[in-house]
Each structure stands twice: as structure tokens, then as C-alpha cells.
Ligand SMILES: C[S@@+](CC[C@H](N)C(=O)[O-])C[C@H]1O[C@@H](n2cnc3c(N)ncnc32)[C@H](O)[C@@H]1O
């Protein structure tokens with residue numbers, strides 16, 4: 001693949017900063033003390049589909065750093081609930097969130113989650129995991145679908161009957177096949193593009209409701 005010139009990269013970076021600075025969700029996140037603008041994507045989906053309204057929930061948040069989703073999830077689960085967040089990166093502690101630093105594709109990380117769950121079934125699995133982008137669309141898409149597969153596999157093994165799975169994906173090679181596969185496990189699977197997700201991004205979310213074995 002052709003290398004980009006330094007000035008092209010510089011232009012792209014400054015365009016990103018410009019867009020970031022002008023983004024109303026970024027400003028709102030700062031104002032409300034949220035860790036990232038991603039929080040608005042989750043709240044919009046949860047509110048629209050009336051999810052997590054009952055108080056005690058067991059939730060696993062995959063790819064949770066810096067923590068805006070986990071923070072929101074911890075506020076939606078009452079006493080006796082449990083929120084477990086997993087990420088490759090470090091995360092500043094959050095009240096009500098059990099954080100595990102590790103690669104979720106590795107069995108040692110899954111074993112830590114399993115231990116924390118101590119046999120409890122999960123009400124909702126959310127995954128905002130996205131791979132480090134290589135710049136090669138095919139490679140990045142394959143990695144994304146790989147992470148989606150791992151999240152679905154976990155959900156299938158740990159969700160309670162009637163539980164939900166929300167995960168981030170990208171439109172592209174393998175997406176339709178993955179969505180069909182997910183459809184085999186849930187009463188409904190919806191493709192959701194929240195308003196806070198940039199229109200210019202091919203990122204979308206898949207929401208599987210009512211897990212059935
Ligand atoms: C878009 S960020 C998540 C933002 C988060 N939902 C929030 O609201 O703060 C995606 C995260 O996925 C994590 N990630 C990517 N691959 C992962 C893996 N294999 N295991 C665990 N975390 C992973 C990245 O480290 C990154 O922090």
C-alpha cells in the first residue's frame with residue numbers, strides 16, 4: 001500500500017481535531033463530566049428500546065475503557081447488581097464497576113470474568129470493542145468481525161434466557177453473515193445507528209433482544 005505523505009497525515013489529524021472540537025456530543029460529554037462522547041450512543045439505545053429498566057442487573061461491558069458506558073451501566077443497576085468491564089487498556093476506577101484489564105480474546109481474561117460471575121447468568125452483554133485500525137480496510141473489517149464473534153460466543157454461553165446483546169460492528173465484508181448468525185440466537189436483531197455515532201463512520205450497532213437457547 002502507498003505511504004501517505006507527512007503533510008497529508010498532518011492535514012487529516014488537524015481535520016480530526018477540528019471535527020472533535022466542534023462536535024456537540026464532545027462538548028456535552030465534557031459539560032456533564034462523562035468520560036467520553038460514546039456514553040450518548042449507549043443511553044440513546046437503552047432509552048429507545050427501554051432496556052435495563054428493572055433495577056438489579058448483571059452486565060458485562062467488553063472494551064469498556066475509558067469507561068463512559070460502564071459508568072452509565074453502573075447507574076442502571078441497583079444493589080445486588082453487578083457490572084464487569086473488560087479492556088486491554090487501563091481504566092481509572094469507577095464506583096460499582098469491577099474492572100478486568102486483559103485481552104478478551106484470551107482465555108485467561110474470560111476465566112477472570114467467569115470467576116467474578118460466580119455462576120450468575122448475565123442480563124446484558126455490551127461490546128464497544130474495536131480493533132486497533134491498521135488502515136487496511138479488509139484487515140480491519142476481519143478483525144472487527146473477529147471481535148464480534150468472540151462477544152457473541154460469550155453471550156451465547158453466559159446470557160440468561162431473555163437477555164440482550166449490544167455490540168459495535170462495521171458495515172462491510174462478513175457483516176451480513178455475522179448478523180444472520182446472531183439472528184439464530186435472539187428473537188430480534190436490529191441494526192442501530194445512534195445519533196451520536198458520526199454519520200461519516202461506517203460504525204453501527206447490532207442489538208439482539210430476547211436471547212433464546
Ligand atoms: C471505542 S473504545 C470503548 C469506549 C467505551 N465504550 C466507553 O464508553 O468509554 C474501544 C475499546 O475496545 C478495547 N478493545 C479492543 N480490543 C479489545 C480486546 N481484544 N479485549 C479487550 N478490549 C479490547 C480498546 O482497548 C478500546 O478501549
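Quick rundown of the values:
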{"quantity": "Estimated [θ] at 222 nm from DSSP helical runs (n ≥ 4, -39500 (n - 2.57)) normalised by residues in the chain, nearest 500", "calculated": "-12500 deg cm²/dmol"}
{"quantity": "Efficiency of FRET between residue 190 and residue 157 - r from beta-carbon atoms, R0 25 angstrom, step 0.05", "calculated": "0.65"}
{"quantity": "Full-extension gain in nm, residue 133 to residue 116, via 0.36 nm per residue minus C-alpha separation", "calculated": "3.1 nm"}
{"quantity": "For segment 149-213 and segment 87-109, distance of Cα centres in Å", "calculated": "21"}
{"quantity": "Ranked packing of 153-160, 66-73, 111-118, most packed first, by mean Cβ within 10 Å", "calculated": "66-73, 153-160, 111-118"}
{"quantity": "Share antiparallel - DSSP beta bridges, the chain, percent rounded to 5", "calculated": "40"}
{"quantity": "Residue 90-residue 54 pseudo-label distance in nm [points 7 Å out on the Cα-to-Cβ vector]", "calculated": "3.9"}
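We did not get these values from a lab; they are worked out from the coordinates using the rules stated. The shown structure was predicted, so the numbers you read here are calculated from the model rather than taken from an experiment. Counting neighbours? That spans all protein chains shown, and the Cβs are built from the backbone with ideal geometry, glycine included.
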